[in-house]
Amino acid sequence: MQDVILVVEDENNIRANMIAFLEAEGFEAIPAKDGAEALKLFSDRIPDLVILDLMLPKVDGLEVCKTIRRDSNVPIIMVTARDEEIDKLLGLELGADDYITKPFSLRELKARIKAVLRRTKSGVVKSNEEEILTFGNLEVNLDRREVKKDGEIIDLTPSEYSILTTLCQNVGRPYSRLQLLNATLGESYAGYERAIDTHVSNLRKKIEPNPQKPVYILTVYGLGYKFGDQYEVDQ
C-alpha cells in the first residue's frame, strides 16, 4: 500500500516538482497551495506524512502545524526558506518531527521522508506476550507503541516516542545530544543538537509529574540526557 503524503507548498513550480518526484518514488502525493486548503485536505483524508512549508498564504505553516497537532500525531516535516534557529525551534515546539531548509535537493527530501516514516512504523512487533516497560506511574508498551501515564494514554509524536523508547530501554545510560540525535532521528537528519532539547522539553510536559523537576528524563549536565534509574523515578 502506498504511503500518502500531503505536500503543502505555495510556490507552484516547487510544489509540482515535489509531487512529480514523490509519485515517481512510489508515494501518493496530495498537493495543497495554502494553509486553508491543507487543513481541509488533511481532514478529508488523513495522510501518512505532511510536508509543510512555513510561509503560506491564508493560514501560515506554524498555525497549520498547531491545528494538526491538536488531534493527530501524523508526522510533519516543516520546510523553511530561512535558515534561522527560531523558525526551526518554533516548528519543533509545536510538534513538527523534522525540518528542512530551502533550497534542498529532492533526494535529501526523500531521505528525510524515509527516516520519519521508518521511525513512525518501527517497533511494531507481533508477539504472544506484549513487551511492557513500567516506571513509576509511566507505562511503555513497545509492541503497541503506546505510552500511558496513570493509566491514561498519552499522545506522542513519532520523534518524542523514539526519544523516550531509546532512553527508557537503556535506563541510567547517559546520551550526548548528538548520540541521541543519531539514535532517534537518524543520520539523514541534518539538524542541530538543540533540536533534541526542544523534543525533550515537549516530552517532559507530557510524561513528567512535574516537568520542572523531572524524574524520568534527567539532564546530564555538559552532556545530554538519561532515563532515571529505579530510585530516581520512585515517587
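Remarks
- Residue that is modelled with the highest pLDDT, among those in region 92-105 that are surrounded by fewer than 20 Cβ atoms within 10 Å (Cβ to Cβ) and not in a loop (DSSP other than H, G, I, E, B): T101
- Condition met for G172 (modelled with pLDDT under 85 and under 12 Å from F227 (Cα atoms)): yes
- Condition met for L89 (in contact with a Ser or Thr (Cβ under 7 Å, 6 or more places away or on another chain), aliphatic (A, V, I, L, M), within 30 Å of G228 (Cβ to Cβ) and at pLDDT below 85): yes
- Members of region 145-162 found to be touching a strand residue (DSSP E or B) at 6+ places or on another chain (Cβ under 9 Å) and surrounded by fewer than 20 Cβ atoms within 10 Å (Cβ to Cβ), listed by number: E146, K148, K149, D150, G151, I153, I154, D155
- Count of residues meeting criterion [in contact with an Asp or Glu (Cβ under 9 Å, 6 or more places away or on another chain) and either of a type in the set (G, A, S) or buried (at least 18 other Cβ atoms within 10 Å of the Cβ) (or both)] in region 163-184: 5
- Here the condition is being over 22 Å from the mean Cα position of the chain (by Cα) and within 23 Å of P158 (Cα to Cα); of G26, G35, G61, it holds for G26 alone.
- The condition of being among the basic types (K, R), touching a helix residue (DSSP H, G or I) at 6+ places or on another chain (Cβ under 8 Å) and either at pLDDT 80 or above or within 24 Å of L94 (Cβ to Cβ) (or both) holds for R177.
For every residue, the table says whether it meets (1) under 18 Å from G91 (Cβ atoms); (2) touching a Phe, Trp or Tyr at 6+ places or on another chain (Cβ under 9 Å); (3) touching a residue at least 24 places away in the same chain (Cβ under 8 Å).
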position: A20; (1), (2), (3): no, no, no
position: G26; (1), (2), (3): no, no, yes
position: P31; (1), (2), (3): no, no, yes
position: G35; (1), (2), (3): yes, no, yes
position: A38; (1), (2), (3): yes, no, yes
position: F42; (1), (2), (3): yes, no, yes
position: I46; (1), (2), (3): no, no, yes
position: V50; (1), (2), (3): yes, yes, yes
position: L54; (1), (2), (3): yes, yes, yes
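The values are calculated or read from the model by the stated rules, or taken from the named source; none is laboratory data. These numbers come from a predicted model, not from an experiment. Methodologically, a virtual Cβ is constructed for each residue, glycine included, from the backbone with ideal geometry; neighbour enumeration extends over all protein chains shown.
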